[in-house]
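These notes are about the structure you will find just below.
Every read-out reported here was derived from the displayed coordinates using simple, explicitly stated rules and does not represent laboratory data. What you see is a predicted model; the values in this text were computed from it and never measured. Quick reminder, even Gly has a Cβ in these numbers, built from the backbone with ideal geometry, and neighbours come from all protein chains shown.
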Amino acid sequence: MSVINPTCSPFFEPRWPVMPAAEPQWYAVHTRSQHEKAVVNQLERNGIETFLPLISEVHRWSDRRKIVQLPLFSCYAFVHMQLMPELWYKLTRIGGVLGFVGARGEGIPIPESQIENIRALLSSDVPYTLCPFLQVGQRVRIRGGMLDGIEGVLVARNGECTLVISVEPIQRSIAIRIDQYQVEAI
C-alpha cells in the first residue's frame, strides 16, 4: 500500500491563507447543526478565544417548560485568532466544525466593531428580532401594510432605505421610502 504525500500531489491545494494575519482577528466558523456549544467548548479547551452569542427561549413540552440557551446565529460561532496554517488545521479538525466562512474556506476577517455591537445588544434589555440579511441593490418585496407585495430594488439614499420600482421597457423608475415597512428578499 502506497502513501501519497499531499504536498507533492499536483491536485493538492492548500486551503489556508498564504499570508497569516499579523494580529488576531475575528472569524466566523460554520458548524454542524446543534453543535455550536460543543465546538466552542472544544475550541476553548484548545486555547482559542471564542464568542457564541446566545439567546434565551422558553421551550414547552407536554409536561414542562424550560428556558434554554440557543445560538443567536444557528450553525455559526466566532473565533478570535491569528489565522496561521497550523491553527487553521487544528480548528478544522475539531468535531462539528465544517470550516471557516469565506472563499475556499480560508476565512474572512470580521471587523471587531461588529462583534462588539452584537455583544452590546445582547447585554442590554433592548428587544430585537432576527431579520434576513438584505443588501443594497437586492430585489425585495414589501410585506404588510398598504404596499404589501410590491417588489423592487433596495437602495440607500442619504441614510434612508428606499425601494426603486422600475418599468424596464420604458426605462423609468420611481422610488419610495420604506423605512416603516418590513421587506423580504426575493
- With R₀ set to 30 angstrom, the calculated FRET efficiency between the beta-carbons of residue 64 and residue 34, to the nearest 0.05, is 0.90
- Mean Cβ-within-10 Å packing, highest first, puts peptides 62-69, 139-146, 111-118 in the order 139-146, 111-118, 62-69
- Message: I need the calculated FRET efficiency for the pair residue 112 and residue 90, taking r as the beta carbon distance and R₀ as 30 Å, to the nearest 0.05.
- Response: 0.85
- To the nearest 0.05, how large is the calculated FRET efficiency for residue 179 and residue 41 if R₀ is 30 Å and r is the Cβ-Cβ distance? 0.15
- Filtered chymotrypsin sites (Phe, Trp or Tyr not before Pro), the stretch 21-108: DSSP coil and at most 10 other beta carbons within 10 Å: 61
